[in-house]
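Chemist: Just passing along the structure, written as structure tokens.
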Amino acid sequence: MFTNGPVVGDRSSVRLAFFGLIVTAMGVVPAYSQTSASASDGTASRNGALDEIIVTAQRRSENLQDVPIAVSAVTASTLATTGVSATTDIPQIVPSVQFTRSGASGLFFVRGVGTTNGSGGEEGANAVYVDGVYMADLSQTVNNFNNIERVEVLKGPQGTLFGRNATGGLIHVITREPGDQSTLDVDLGYGNYGTVTGRAYVAGPIAEGVAMDLALTKTYQDRGWGENPTLNRKNKIQNFQGVRSKLALRPSSSVKFVLAGDWYENEDNLTLGYRIARGTVNAGGATPPPGQWDTTLNDYPLTRQKIWGVSLTGEVDLGFATLTSLSAYRKTRNHSDFDVDGGPAPLLRIAFVSGLKSFQQEVRLASNNNEPLAWQVGGFYLHSEATNDSRFTGALFAPSGIRGQHILGNLETDSYAVFGEATYSLTPTTQLTGGIRYTKDERHLIGSQQLMLPNGTEIFSGSATVPSGRPLAQPGRQDTTLSYDAFTWRIALRQEITRDISVYASANKGFKSGSFSLQNPLNDAYLPQSIMAYEIGVKSELFDRKLRLNVSAFHYDIDDYQVRSAATVKVDGAELEFEAAPSQGLRIFGGVTWLDSRYGKFGGPDAVLQAPITYPNANSSANPLQRTRCVANGTRDPGVVGTGPLTGGFTTCFGDVSGLQTMNAPEFVASVGASYTTEVGDSGTLRFTGLYNYNSGYVFEPDNRVDQDGYSLVNGSIEYRPVENFGIELWGRNLGNTKYAVQKISTSNIAVTEVVGAPRTYGVNLKIDF
């Protein structure tokens, strides 16, 4: 553990202070007469009431408050004013979400449920969609916002309509669609570390019934956050550029087609510029550099990504129902090269090229009449091909007389699903929702592991079986298939208490298919993960829609949690989200998530697989030459284990971690933000925005040894518009310069390395919009 920037006090005082803010916000809300709102972006309308937020959490447009699902809907204006400009920043505004990166891959955790496997071919436990298109590769989940209409975070397993591996939840990015009105938005910025940003969005009609848009994004960073004295180079740099476009055709009032395409290119070492974690020593005897964002790597780390895709969505109104077809093709290529040990000695280096090609087709038929019965049925097909070509080299292999290892893997997936869901009004105020989905996944793996000899030749070597004893195609090479299928379902009951207050209860079954790791292609497949989730909640709009307050409590039972395919997990939690418009121009919003997420059973005498438990190597007061020895239950032999100074690296034991906290599942997370806009002169406005986020801390590995203490983040901005169409904004993020780890990992008994979040950044933006 290490100390972070600002002192945030003990957890109980932080919680009391945050709940005090909520009570204060509720107390200052006056009782105005209710007036209808015309917009739907979630901001306060001109009459002072909160506007209605329309979401598509159930694959149809509905008021956020009418959906019996815990949903956080973040609008484009909220993203812009709070400084949340990428998927990596979502946790700062949605407390139930945690995010980390493993190389090029983005790993989301929702309510403590996620995956730590970021290798090629892994899809993650929380599905990410963009305009209904499933992102089948984890590197596609890392994105900068530009033409976003809103982001919806659906919490809990989505076992029916969004059933693709969504055992923890779902993040759906909905982008703007061109229409009859012409639009131009331009945002040019400059920030510290020599960061230049440019964004532009233009949209409008180009012919009768035809409209088109174009969104451009560019970020160039000239200086890194930290230094690398070993190579005399900067560390922590990102350059990103992308384009996205939609062509909307409306040949008649009942038919619409939208052709969309996007292309992104990214080059960075934000998450590959590993540094030795504070308080540890690597196997080469190296200690952490003094600067929090510095590293002493002997190889320059870099990941280079190219991502593109196209999709065609068609909608036909048949009168009694709407038929929707969505076809999409996406391709990703990632080339990463990084030094794993974190220090100046060439102990272990990994270079790999990975990629994924995917095609998906979905067809849905949804009723147009929602009373008393709303229904929809559909089918989904996904074909993907993931590849990985990795080379492991370094002094670690020298004692074995080899140069390293060469790993090749190819994983093809075919997934088929049919689903249906219906909502029936038992009474005018009572709705019952039920849904079911059948999913079948077929996978084919071809993988190999070869030894790289000093003379440049490669040979197959190793066992003739996988760990479970099943024969390989040949030593060092696996060619095998697997098939899993499952029924998942959902049932929810919603009851209106008044026009503005409703309660709901739900039970959901989720499923994530088993698969193979392309970084370990000679291993057995990991087992499917299943989750049973129970939830109750209250949704309310109070004080003539001046306050929106939603509360939920939930319990999860997870089997074969895909950490090592052997864990059961139990999660208990509660959430509160609020949004208030106490007066004209003032908006206050925030949320709280409490979690108790622990391994129900992981390791122990009766377990098939044991949990990894790591211990730093240290000198022994009895005999410095004796090595650490692990005993059966994962504890250390006190007569052998060193108690003196750390000697470097660590030893991995295997034992029982039942009852310990799961990874990336902080006990308490809270955020609160406020935005105040006032008129200046005859036509000008001045807006002040602040966002505060508190995280109680989390662990990175099953044994809970590698962790991150509690910390706080503060963002702020001031925007002045002398006229409606032009503005200048001063902004700052992580204003307290808090130092916190977004990733720590124990690698090959060599080192515990860490990736540290962004330091204080600030800058100025010029905005033009028409």
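The values are calculated or read from the model by the stated rules, or taken from the named source; none is laboratory data. Here the structure is a predicted model, which is why all the values come from computation and not from measurement. Don't worry about glycine lacking a Cβ; one is built from the backbone with ideal geometry, like all the others, and counts go over all protein chains shown. Just the protein is used for accessible areas: all its heavy atoms, side chains included, with ligands, DNA and RNA removed. Shrake-Rupley method; radii C 1.70, N 1.55, O 1.52, S 1.80 Å.
Chemist: In the stretch 154-170, which residues are outside any loop (DSSP other than H, G, I, E, B) and at pLDDT below 90? Working first, answer last.
Modeler: Of all residues in the stretch 154-170, those outside any loop (DSSP other than H, G, I, E, B) come to 154-155, 169-170.
Result: no residue meets the conditions.
Chemist: If I filter the stretch 60-83 down to residues being in a loop (DSSP other than H, G, I, E, B) and touching a residue at least 40 places away in the same chain (Cβ under 8 Å), which single residue comes out as nearest to Gly420 (Cα to Cα)?
Modeler: In the first step, residues of the stretch 60-83 are kept if they are in a loop (DSSP other than H, G, I, E, B); the result is 60-61, 67-70, 83.
Now drop any that are not touching a residue at least 40 places away in the same chain (Cβ under 8 Å), which leaves 60, 68-70, 83.
Values: Arg60: 13, Pro68: 17, Ile69: 17, Ala70: 20, Gly83: 39 Å.
Only one residue tops the list, namely Arg60.
Chemist: Report, by residue number, each residue of the stretch 648-676 that is open to solvent by 30 Å² or more (accessible area, probe 1.4 Å), modelled with pLDDT of 90 or more and not in a loop (DSSP other than H, G, I, E, B).
Modeler: Gln661, Ala674, Tyr676, listed by residue number.
Chemist: Restricting to the stretch 484-527, give me the number of residues that are closer than 30 Å to Asp389 by Cβ and either under 26 Å from the mean Cα position of the chain (by Cα) or without any contact (Cβ under 8 Å) to a residue 12 or more places away in the chain (or both). If you could, list the steps in order and put the result at the bottom.
Modeler: If we filter the stretch 484-527 for residues that are closer than 30 Å to Asp389 by Cβ, which is where we start, we get 484, 512-527.
Right, trim to either under 26 Å from the mean Cα position of the chain (by Cα) or without any contact (Cβ under 8 Å) to a residue 12 or more places away in the chain (or both) and you get 484, 512-521, 525-527.
Adding up the residues that qualify gives 14.
Chemist: I'd like the residue in the stretch 271-280 that is open to solvent by less than 30 Å² (accessible area, probe 1.4 Å) and in a loop (DSSP other than H, G, I, E, B) and, out of all such residues, is nearest to Ile148 (Cα to Cα). Break it down stepwise before answering.
Modeler: Of the stretch 271-280, the ones open to solvent by less than 30 Å² (accessible area, probe 1.4 Å) are 271-277, 280.
Filter once more, keeping what is in a loop (DSSP other than H, G, I, E, B): 271-274, 277, 280.
Details: Thr271: 25, Leu272: 28, Gly273: 30, Tyr274: 32, Ala277: 36, Thr280: 42 Å.
The selected residue is Thr271.
Chemist: Could you tell me whether the stretch 450-462 includes any residue that is among the acidic types (Asp, Glu) and farther than 30 Å from Gln65 by Cα? Lay out the reasoning, then the answer.
Modeler: Within the stretch 450-462, the subset among the acidic types (Asp, Glu) is 458.
Filter once more, keeping what is farther than 30 Å from Gln65 by Cα: 458.
Yes: the stretch 450-462 contains one or more residues that are among the acidic types (Asp, Glu) and farther than 30 Å from Gln65 by Cα.
Chemist: Against the conditions (1) open to solvent by 30 Å² or more (accessible area, probe 1.4 Å); (2) at pLDDT 75 or above; (3) in contact with an Asp or Glu (Cβ under 7 Å, 6 or more places away or on another chain), where does Asn633 fall short? Just the number, please.
Modeler: Of everything listed in (1) open to solvent by 30 Å² or more (accessible area, probe 1.4 Å); (2) at pLDDT 75 or above; (3) in contact with an Asp or Glu (Cβ under 7 Å, 6 or more places away or on another chain), Asn633 misses just condition (2).
Chemist: Could I ask something else about it? In the list Ser696, Ser746, Ser712, which residue meets the criterion of being modelled with pLDDT of 95 or more and under 30 Å from Gly648 (Cα atoms)?
Modeler: Details: Ser746 fails: modelled with pLDDT of 95 or more; Ser712 fails: under 30 Å from Gly648 (Cα atoms).
Testing whether each residue is modelled with pLDDT of 95 or more and under 30 Å from Gly648 (Cα atoms) leaves just Ser696.
Chemist: Got a number for residues in the stretch 231-254 being outside any strand (DSSP E or B), more than 30 Å from Leu312 (Cα to Cα) and either at pLDDT 90 or above or over 25 Å from the mean Cα position of the chain (by Cα) (or both)?
Modeler: Within the stretch 231-254, the first condition is being outside any strand (DSSP E or B), and the residues that meet it are 231-232, 236-237, 253-254.
Then drop every residue that is not more than 30 Å from Leu312 (Cα to Cα), which leaves 231-232, 236-237.
Now restrict to residues that are either at pLDDT 90 or above or over 25 Å from the mean Cα position of the chain (by Cα) (or both): 231-232.
Of the residues in that region, 2 qualify.
Chemist: Can you pull out every residue in the stretch 726-770 that is of a type in the set (Gly, Ala, Ser), open to solvent by 20 Å² or more (accessible area, probe 1.4 Å) and closer than 17 Å to Gly690 by Cα?
Modeler: Step one: of the stretch 726-770, the residues of a type in the set (Gly, Ala, Ser) are 727, 732, 736, 741, 746, 748, 751, 757-758, 763.
Among the residues that remain, those that are also open to solvent by 20 Å² or more (accessible area, probe 1.4 Å) are: 736, 746, 748, 758.
Matches in the stretch 726-770: Gly736 only.
Chemist: For the stretch 419-433, give me each residue that is farther than 29 Å from Phe511 by Cβ and either in contact with a Ser or Thr (Cβ under 9 Å, 6 or more places away or on another chain) or among the basic types (Lys, Arg) (or both).
Modeler: Thr429
Chemist: Pick from Val130, Val97: which is open to solvent by less than 10 Å² (accessible area, probe 1.4 Å) and of a type in the set (Val, Ile, Thr)? Show your work before the answer.
Modeler: Working: Val130 fails: open to solvent by less than 10 Å² (accessible area, probe 1.4 Å).
Sole residue among the options that is open to solvent by less than 10 Å² (accessible area, probe 1.4 Å) and of a type in the set (Val, Ile, Thr): Val97.
Chemist: Within the stretch 249-270, can you find the residues that are crowded, with 17+ Cβ neighbours inside 10 Å and either farther than 28 Å from Ala104 by Cβ or touching a Phe, Trp or Tyr at 6+ places or on another chain (Cβ under 9 Å) (or both)?
Modeler: Taking the stretch 249-270 first, the residues crowded, with 17+ Cβ neighbours inside 10 Å are 250, 256, 258, 260, 262, 264, 266, 268-270.
Residues satisfying the conditions are Arg250, Lys256, Val258, Asp262, Tyr264, Asn266, Asp268, Asn269, Leu270.
Chemist: How many residues does the stretch 313-336 hold that are open to solvent by less than 70 Å² (accessible area, probe 1.4 Å), hydroxyl-bearing (Ser, Thr, Tyr) and without any contact (Cβ under 8 Å) to a residue 60 or more places away in the chain?
Modeler: Summing the residues that are open to solvent by less than 70 Å² (accessible area, probe 1.4 Å), hydroxyl-bearing (Ser, Thr, Tyr) and without any contact (Cβ under 8 Å) to a residue 60 or more places away in the chain in the stretch 313-336 gives 4.
Chemist: Follow-up question, since we're still on this one. Consider the stretch 46-78. How many of its residues are over 18 Å from Lys539 (Cβ atoms) and open to solvent by 10 Å² or more (accessible area, probe 1.4 Å)? Before you say what the answer is, go through the steps one by one.
Modeler: So in the stretch 46-78, the residues over 18 Å from Lys539 (Cβ atoms) come out as 46-48, 59, 76-78.
Then keep just the ones that are open to solvent by 10 Å² or more (accessible area, probe 1.4 Å); that gives 46-47, 59, 76-77.
Selection size over the stretch 46-78: 5.
Chemist: Residues that are open to solvent by less than 30 Å² (accessible area, probe 1.4 Å): which strands (runs of 3 or more DSSP E) entirely in the stretch 388-479 hold 3 or more of them? Before you say what the answer is, go through the steps one by one.
Modeler: On the way: elements: 404-427, 430-452, 458-460.
Ranges flagged: 404-427, 430-452.
Matching residues to (1) closer than 21 Å to Val94 by Cβ; (2) in a loop (DSSP other than H, G, I, E, B); (3) out of contact with any helix residue (DSSP H, G or I) (no Cβ under 7 Å at 6 or more places or on another chain); (4) without any contact (Cβ under 8 Å) to a residue 12 or more places away in the chain:
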| site | (1), (2), (3), (4) |
| --- | --- |
| Thr685 | no, no, yes, no |
| Thr689 | yes, no, no, no |
| Tyr692 | yes, no, yes, no |
| Ser696 | yes, no, no, no |
| Asp703 | no, yes, yes, no |
| Val714 | yes, no, yes, no |
| Ser717 | yes, no, no, no |
| Tyr720 | no, no, yes, no |
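Chemist: Going by the structure shown, is Gln140 open to solvent by less than 20 Å² (accessible area, probe 1.4 Å) and not aromatic (Phe, Trp, Tyr)? Walk me through it before giving the result.
Modeler: Working: open to solvent by less than 20 Å² (accessible area, probe 1.4 Å): yes; not aromatic (Phe, Trp, Tyr): yes.
Taking the combined requirement at face value, the residue satisfies it.
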